[in-house]
Amino acid sequence: MSIISQAFKRLHYPTDVIAQCLRWYLNYALSLRDLEEIMQERGADIDHSTLHRWVIRLTPLLDQAFKKHKKAVGTHWRMDKTYIKVKGQWKYL
């Protein structure tokens, strides 16, 4: 059993509700109180302090799990020829 499933197992709310709250909080510029209000409109009475505990507890675990599946960008990259301003003067790259 993975670390994430163990962490979600001990919580009192359904996993999909917790995951949705974390997704909205981490992806969008929502405050915890805004998220509390949104969840109350959807019928889930969750306090903002509970949401904060979820963020503190589960975000590092999710980050660790997703880094394992993240693909490398590549070893080579190219930059187009362009001009940039360096110390007030335009330079050609």
Restricted to segment 43-90 and to residues being in contact with a helix residue (DSSP H, G or I) (Cβ under 8 Å, 6 or more places away or on another chain) and among the charged types (D, E, K, R), the residue surrounded by the fewest Cβ atoms within 10 Å (Cβ to Cβ) is Asp45
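Looking only at segment 1-32, how many residues end up being under 21 Å from Lys68 (Cβ atoms) and in contact (Cβ under 8 Å) with a residue 24 or more places away in the chain?
Filtering segment 1-32 down to residues under 21 Å from Lys68 (Cβ atoms) leaves 1-9, 15, 18-19, 22-23, 26-27.
Within this subset, residues satisfying the condition of being in contact (Cβ under 8 Å) with a residue 24 or more places away in the chain are 2-4, 7-8, 18, 22, 26.
So the answer is 8.
Taking the stated definitions as given, is Val17 β-branched (Val, Ile, Thr), on the phi < 0 side of the Ramachandran plot and within 13 Å of the chain's Cα centre (by Cα)?
No; evaluated as a whole, the condition is false for this residue.
Just so you know, all these numbers are worked out from the coordinates, no wet-lab data involved. A quick note: this is a predicted structure, and the numbers were derived from the prediction, not measured. Neighbour counts are summed over all protein chains in view; Cβ atoms, including those assigned to glycine, are modelled from backbone coordinates with ideal geometry.
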